[in-house]
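Following this message is one structure expressed as structure tokens.
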Amino acid sequence: MRTLLAFIPQYLLWHYTRALREMFSVFGNFMWFLYNYFSIPLLVKTFLSPFERLGEEYKKGLNIEAMLGTFVINTIMRLVGVIMRALVIVGGLFALVLLSAVYVGAFALWLAMPFLVPFLLIAGFVGI
């Protein structure tokens, strides 16, 4: 019993110091991963680029029909690129917000855990 009582302060010290620091570090790693997985900075930089660099070259000469056709195709490719990039950026931002919400819940649970576990253990034995 003495060993258990000597263990509790050491555990609480670890739980509220080193473990919290490591939890922040893990959260930062996950945020970095999602931010780079969705390539948010690159997608913002290339937001108006054509989709997968598809498009047509303007032909030499003064052919209005060919020029308008090329212009329409290039415009459509840019619009498709904007839509695809916007969807991926929104998905990435949603993933970052979701991760933050999960982290806030995990953080609150982590802070309450040393008090919650004994309470639940006693409640289980008593039958509350």
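Are any of the residues in region 45-53 under 22 Å from the mean Cα position of the chain (by Cα) and exposed (fewer than 12 other Cβ atoms within 10 Å of the Cβ)?
Taking every residue of region 45-53 in turn, at least one turns out to be under 22 Å from the mean Cα position of the chain (by Cα) and exposed (fewer than 12 other Cβ atoms within 10 Å of the Cβ).
Table: residues versus (1) of a type in the set (Gly, Ala, Ser); (2) open to solvent by 90 Å² or more (accessible area, probe 1.4 Å).
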residue	(1), (2)
GLY69	yes, no
ILE73	no, no
SER100	yes, no
PRO118	no, no
LEU121	no, yes
GLY124	yes, no
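Pairs only if they're at least six apart or on different chains, beta carbon under 6 angstrom, first in region 63-75 and β-branched (Val, Ile, Thr), second not in a helix (DSSP H, G or I); list them, first residue then second.
THR70/GLU56; THR70/TYR58; ILE73/GLU56
In addition: As an exercise: evaluate ALA86 against (1) more than 14 Å from the chain's Cα centre (by Cα); (2) open to solvent by 40 Å² or more (accessible area, probe 1.4 Å); (3) within 21 Å of TYR35 (Cβ to Cβ) and give the number of the one condition it does not meet.
That leaves (2) as the condition not met.
May I ask you to list the residues in region 89-98 that are within 8 Å of the chain's Cα centre (by Cα) and open to solvent by less than 40 Å² (accessible area, probe 1.4 Å)?
Correct list: GLY92, ALA95, LEU96.
Shifting gears a bit: So how many residues does region 1-44 have that are within 30 Å of VAL80 (Cα to Cα) and open to solvent by less than 80 Å² (accessible area, probe 1.4 Å)?
The qualifying residues number 8.
State all residues of region 1-59 that are among the small types (Gly, Ala, Ser) and modelled with pLDDT under 85; if no residue qualifies, say none.
Those that are among the small types (Gly, Ala, Ser) and modelled with pLDDT under 85: ALA6, SER49, GLY55.
The values are calculated or read from the model by the stated rules, or taken from the named source; none is laboratory data. All values reported here derive from a predicted model rather than from experimental measurement. Positions of Cβ are backbone-derived with ideal geometry, glycine not excepted, and every protein chain shown enters the neighbour counts. These area figures cover heavy atoms from the full protein model, side chains too; ligands, DNA and RNA do not enter into them. Shrake-Rupley method; radii C 1.70, N 1.55, O 1.52, S 1.80 Å.
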